[in-house]
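Report on the following structure.
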Amino acid sequence: IIDKDTRIFITSARVKELFGYKAQDELSLEIALKHISEKYRNKVIADIENAFTSGNSFHMDFSLTARNDQKLRWVKAVGGTYDDPAGELSHISGVMMDITVQKQNELRKNKFIGMVSHELKTPLTSLKAYVQMLHAWAKKRKDSFTSGALAKMEKQVKKMGIMINGFLSLSQVESGKIQL
């Protein structure tokens, strides 16, 4: 829970644990924000402020470095805004979940897809060159059967290249290397 006016941060023992604190330790919003990775800190602050100003719910993923063990953790925060008895927005409340394992698996998957895509492109480029050379040779010799078969092969090699580039692009988008 974060109070709109005072910005007092009330947390469960589990949230404190995610940030590397013990249940009896104090954890203010200011201190919690310092643990969030620089890459995500301003976005988290903006999402909190947006929830207060617009009354919208929030859903964010971010990484943080825990105080006790200095380990990088990934956290998902989901919640919404709540009004006081007078109908004025008084606080935001939500839950935080440790998604470190899922995020690590996702990053490994994206790295694997990127590596496999790259490794498939190299032999495909050679294959494409040989098919194009043979196709040109068959056209010169006016061998219509061979020329037709090689044209079909060239078309399929091109489709495979497009598919591999799609995997590579998807991997880059998911890993944050390409911004849409």
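The values are calculated or read from the model by the stated rules, or taken from the named source; none is laboratory data. Note that the structure is predicted; figures quoted are calculated from it, not measured. FYI the Cβ positions are ideal-geometry reconstructions off the backbone, even for glycines, and counts take in every protein chain you see. For accessibility, only protein heavy atoms count, side chains too; no ligands or nucleic acids. Shrake-Rupley method; radii C 1.70, N 1.55, O 1.52, S 1.80 Å.
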- Query: Within segment 121-144, can one find any residue that is within 18 Å of H35 (Cα to Cα), modelled with pLDDT of 90 or more, surrounded by 13 or more Cβ atoms within 10 Å (Cβ to Cβ) and small (G, A, S)?
  - Reply: no
- Restrict the check to segment 38-58 and report whether at least one residue is open to solvent by less than 50 Å² (accessible area, probe 1.4 Å) and in a strand (DSSP E or B). yes
- Do you know which residues across segment 62-95 are among the polar types (S, T, N, Q) and either within 19 Å of L107 (Cβ to Cβ) or without any contact (Cβ under 8 Å) to a residue 60 or more places away in the chain (or both)? S63, T65, N68, Q70, T81
- Query: Given the conditions (1) open to solvent by 70 Å² or more (accessible area, probe 1.4 Å); (2) without any contact (Cβ under 8 Å) to a residue 60 or more places away in the chain; (3) within 13 Å of M96 (Cβ to Cβ), which single one is not true for I1?
  - Reply: (2)
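Conditions tested, residue by residue: (1) hydroxyl-bearing (S, T, Y); (2) under 30 Å from M60 (Cα atoms).
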| position | (1), (2) |
| --- | --- |
| M115 | no, yes |
| K121 | no, no |
| S126 | yes, no |
| Y130 | yes, no |
| M160 | no, no |
| F167 | no, yes |
- Checked I162, I113, I92 against criteria (surrounded by 13 or more Cβ atoms within 10 Å (Cβ to Cβ) and in a helix (DSSP H, G or I)); the one match is I113
- State yes or no: is T81 open to solvent by less than 50 Å² (accessible area, probe 1.4 Å) and in contact with a helix residue (DSSP H, G or I) (Cβ under 8 Å, 6 or more places away or on another chain)? yes
- Looking at R7, is it among the basic types (K, R), part of a strand (DSSP E or B) and either crowded, with 17+ Cβ neighbours inside 10 Å or at pLDDT below 95 (or both)? no
